[in-house]
1. Among 83-90, 98-105, how do they line up by average Cβ neighbours within 10 Å per residue, starting with the highest?
2. Would you mind calculating the gained length between residue 150 and residue 163 on full extension (0.36 nm times residue separation, minus the Cα-Cα distance), in nm to one decimal?
3. Arrange the following residues from fewest to most other Cβ atoms within 10 Å of their Cβ: 75, 92.
4. Using 1/(1 + (r/R0)^6) with R0 = 22 angstrom and r between the beta carbons of residue 131 and residue 193, what's the FRET efficiency to the nearest 0.05?
5. Please state the relative contact order of the stretch 58-195 as a whole percent: Cα pairs under 8 Å, 6+ residues apart?
């Protein structure tokens, strides 16, 4: 049987078209699979952060609060948190700390940067020279700056952070039940106003 070059070209073209149609869906799957891996990694990272594994001393960006040396960012409707703020205010004679609420717009941006919930607050934040500290580490660093015997409490920093944060988390989860919750965020008194941002 004589070989027909035109028939070979048609067959080759048909085969190429079929291979192309097979390869095309495979190629289109690659970005999707890659995207799924990226989303999965992001979810895992955010989940880890929600469990309190925010890297201590991580840099954060805040256009509004970046110029302050130390900012305690707390749950403004939490009575327990407000008691802690009062405790610090009463002892911070050098006015080392300023205060902001987690409900504020700058704080919401920082929480988003860290992958933390912007509604269900699990920790207060200590912003110190552009770096963030959370949970028990933040609390101990605050106490270290207060006068009297309070800096000795910083010795507890040698306890592994997961153990310290476990105790902190128990308190944080029960803070509303133990001391209640306000309907609105704390409003500073005229005397306190200069300390709140």
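Just so it is clear, none of the values below were taken in a lab; they were calculated from the coordinates. Keep in mind it's a predicted model, so treat the numbers as computed, not measured. Cβ placement follows ideal geometry from the backbone for every residue including glycine, while neighbour counts extend to all protein chains displayed.
1. Ranking, from highest mean packing down: 98-105, 83-90.
2. In short, 2.6 nm is gained.
3. The fewest-first ordering by Cβ neighbours comes to 92, 75.
4. 0.25
5. Working: 179 pairs, mean separation 45.7, N = 138.
Rounded, it is 33 percent for the stretch 58-195.
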